[in-house]
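Below is one structure, written out as structure tokens, with a few remarks after it.
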Amino acid sequence: MQKNTKLGWIGLGVMGEPMCHHLLAAGYPVSVFTRSREKAGRMLSDGARWCKTPADITEYCDVIFTMVGSEQEVREIYFSDNGLLARDIADKIFIDMGTTAPGLTLEIKQYASERGAQVVDAPVSGGDVGAKNASLSIMAGGDDDALSRVSALFSYLGKMQVMGKSGSGQHTKMCNQIVVAGTMIGVCESLLYAKRAGLDCETLVAAIGPGAAGCWSLDNLAPRINRQDFSPGFMVDHFIKDLGIAVSEAQAMNLNLPGLSLAKSLYEKVSEMGHGQNGTQALLLALEKY
């Protein structure tokens, strides 16, 4: 995609801000919208253009990225009176990189397609580390033409895997979150066991990491746990939202996933303890009291 393509970005959180910055640093003209202009301070100082509403983003930009949390936020950003879809959207491409219910993705796509626009669902995995290092796993769903048009943009954020038609990216993200949820239980319980057994937890991670227990969560989040660093790479409350989508989708498919249900209940306990704004590694704090 040519460097004069005008990009729009909505959602400058822990992951969204570095992702947006990569595209700005690559030389694309980028316009941003957040609820408060102060939230966009870094992007504006680096040359991004401020827009007062999502509708203004659509009017000015060719390709628009969204990276927001709840279903309510997604609906508001796309469908409100000043939302992304409120004006002429012909020939625009909308890319939802947050985790959204597949049904809502299809709703956005149908509405946009009827008005001459294209939609790609491209949720990501890799947390704040992947966002900062441009090494995210990007799970993309959509029409072949739309995916081919935006693949060059994804190369600045990580590695894209095409999963199929619209909604496939979001279903893939559900699979990702199911694995992450189960893995985080294992990582946290392993560290609790090691501590009770009198092992050095840093040495433990070094010992089991190269073997069959090796995984992203062990490499990236276990060291944070050992430092008692529960700052968010991905927030607990956002993870609960994702696991809720996965539970609902599984139920719709008449699929019983007891491990997923257990993980969701454990993370809900973490949030009830007041750690909803902490990172997913804060699961340890709930398991300590379980």
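The values are calculated or read from the model by the stated rules, or taken from the named source; none is laboratory data. Remember, predicted model here, so these are calculated numbers, not experimental data. Ideal geometry is used to build each Cβ from the backbone, glycine not excepted, and the neighbour counts take in all protein chains shown.
Residues in region 230-237 include at least one that is crowded, with 16+ Cβ neighbours inside 10 Å and assigned to a helix (DSSP H, G or I). Within region 117-138, residues that are touching a residue at least 12 places away in the same chain (Cβ under 8 Å) sit with their Cβ atoms under 6 Å from residues that are of a type in the set (D, E), at 6+ positions apart or across chains, in these pairs: D121/D96.
Report whether or not A152 is surrounded by fewer than 20 Cβ atoms within 10 Å (Cβ to Cβ), assigned by TED's automatic domain parsing to the domain that holds G103 and either of a type outside the set (A, V, I, L, M) or under 21 Å from L24 (Cα atoms) (or both). So A152 passes the test.
Checked against (1) modelled with pLDDT of 95 or more; (2) more than 17 Å from I93 (Cα to Cα); (3) not charged (D, E, K, R), G127 passes all but a single condition, namely (1).
Let me confirm something: among A55, A101, A86, which residue is surrounded by fewer than 18 Cβ atoms within 10 Å (Cβ to Cβ) and farther than 15 Å from V30 by Cβ? Walk me through it before giving the result.
Working: A55 fails: surrounded by fewer than 18 Cβ atoms within 10 Å (Cβ to Cβ); A101 fails: surrounded by fewer than 18 Cβ atoms within 10 Å (Cβ to Cβ).
Only one candidate qualifies: A86.
Could you list all residues from region 38-73 that are farther than 17 Å from Q2 by Cβ, of a type in the set (D, E, K, R) and out of contact with any strand residue (DSSP E or B) (no Cβ under 6 Å at 6 or more places or on another chain)? Answer for region 38-73, where residues must be farther than 17 Å from Q2 by Cβ, of a type in the set (D, E, K, R) and out of contact with any strand residue (DSSP E or B) (no Cβ under 6 Å at 6 or more places or on another chain): E38, K39, R42, D46, K52, D56, E59, E71, E73.
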